[in-house]
Amino acid sequence: MSGSDRSPARWNRVVLKVSGEAFAGEAGYGIDGEIVGQVAEEIVSVRDEFAVDIAVVVGGGNIWRGMSGAGAGMDRAQADYMGMLATSINALALQDTLEQMGQPTRVQSAIHMAQIAEPYIRRRAIRHLQKGRVVIFAGGTGNPFFTTDTAAALRAVEIEAGAVLKGTHSGTDGIYTADPNVDPQATRLEEVTYLDVIQKGLRAMDATAITLCMDNDLPIVMFDLMASGNVRSILAGESVGTLVS
């Protein structure tokens, strides 16, 4: 569809945060092509239906987790840089799948790797989005000691996105009063404040990311990415997952 034929979305620009673990599927490691395809199909379908710009921040936990390396005795900064490289592998996998579906895509990396990705340049990223391209941000923030959740919040603020859509996996469909895998009495919260997430230690994004979103009045929707159609429902204004605002 042309831009004039597409429906208005709840937000006209969003950052979708995809965890690396989601790409692993049931194997728990590596890249499951079917899962990447499912995520890509969701992105393409909502781009076709809604007048919305979509940027994606990918994690790398399916390949390497910096905290795990640090826990095994590695230098924390070195381990985190390895994690940034892992996000780049996932970004390239998602880019390839999107482009096979006909969706123009650009990967921008916070770590320079000129042969495979553009350097992250804020104005260039915005221009790509305006031209209808999906921009995938790799390399986290480019700094150790920060998570890809924080990278998602930072990039969303920088490109003036309307919201961060934090996609989860493993059946978690929002923020609960307790860990639903441990406490059968845990209930899902439809809406919660930034301060409640921080003060009550609710399972969502890390505190740095939450604080950055709070300081910039940037809402977060935490939802089950693996349930087909959830991104569409969110952009249509339906109540899906948990809204943090």
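The values are calculated or read from the model by the stated rules, or taken from the named source; none is laboratory data. Everything quoted here is computed from the prediction, not taken from an experiment. Note: ideal-geometry Cβ built from the backbone for every residue, glycine included; neighbour counts use all protein chains shown.
Across the stretch 45-77, which residue is surrounded by the fewest Cβ atoms within 10 Å (Cβ to Cβ) among those that are within 23 Å of Glu158 (Cα to Cα) and among the aliphatic types (A, V, I, L, M)? Ranking the candidates gives Ala51 first. All conditions in (1) under 13 Å from Val244 (Cα atoms); (2) modelled with pLDDT of 95 or more hold for Arg232, with the sole exception of (1). For first residues located in the stretch 201-213 and farther than 17 Å from Leu165 by Cβ, partners that are among the hydroxyl-bearing types (Ser, Thr, Tyr) and assigned to a helix (DSSP H, G or I) and lie 6+ apart or on another chain with Cβ distances below 7 Å form the pairs Thr208/Thr150.
I'd like to check something: does the stretch 10-21 contain any residue that is of a type in the set (D, E, K, R), assigned to a helix (DSSP H, G or I) and within 21 Å of Phe137 (Cα to Cα)? Please lay out each step first, then the result.
Kept after step one, since they are of a type in the set (D, E, K, R), are these residues of the stretch 10-21: 10, 13, 17, 21.
Next, only the ones that are assigned to a helix (DSSP H, G or I) stay: 21.
Of the ones still in play, those that are also within 21 Å of Phe137 (Cα to Cα) are 21.
Yes, some residue in the stretch 10-21 is of a type in the set (D, E, K, R), assigned to a helix (DSSP H, G or I) and within 21 Å of Phe137 (Cα to Cα).
Suppose the filter is surrounded by 17 or more Cβ atoms within 10 Å (Cβ to Cβ) and not β-branched (Val, Ile, Thr); does Glu34 pass it? The answer is no for Glu34. Please enumerate the residues belonging to the stretch 42-72 that are of a type in the set (A, V, I, L, M, F, W, C) and without any contact (Cβ under 8 Å) to a residue 60 or more places away in the chain. Result: Val44, Ala51, Ile63, Trp64, Met67, Ala70, Ala72.
Within the bounds of the stretch 160-168, is there any residue that is under 19 Å from Ser245 (Cβ atoms), surrounded by 15 or more Cβ atoms within 10 Å (Cβ to Cβ) and of a type in the set (S, T, N, Q)? Yes; the residues of the stretch 160-168 include at least one that is under 19 Å from Ser245 (Cβ atoms), surrounded by 15 or more Cβ atoms within 10 Å (Cβ to Cβ) and of a type in the set (S, T, N, Q). Considering only the stretch 200-213, I want to know if a residue exists there that is assigned to a strand (DSSP E or B), within 24 Å of Gly60 (Cβ to Cβ) and at pLDDT below 95. Within the stretch 200-213, none of the residues are assigned to a strand (DSSP E or B), within 24 Å of Gly60 (Cβ to Cβ) and at pLDDT below 95.
So which residues in the stretch 139-151 are under 18 Å from Leu94 (Cβ atoms) and either touching a Gly at 6+ places or on another chain (Cβ under 9 Å) or surrounded by fewer than 20 Cβ atoms within 10 Å (Cβ to Cβ) (or both)? Across the stretch 139-151, the qualifying residues are Gly140, Thr148, Asp149, Ala151. Of all the numbered requirements in (1) out of contact with any strand residue (DSSP E or B) (no Cβ under 7 Å at 6 or more places or on another chain); (2) closer than 21 Å to Gly59 by Cβ; (3) surrounded by fewer than 22 Cβ atoms within 10 Å (Cβ to Cβ), Asn216 misses one, and that requirement is (2).
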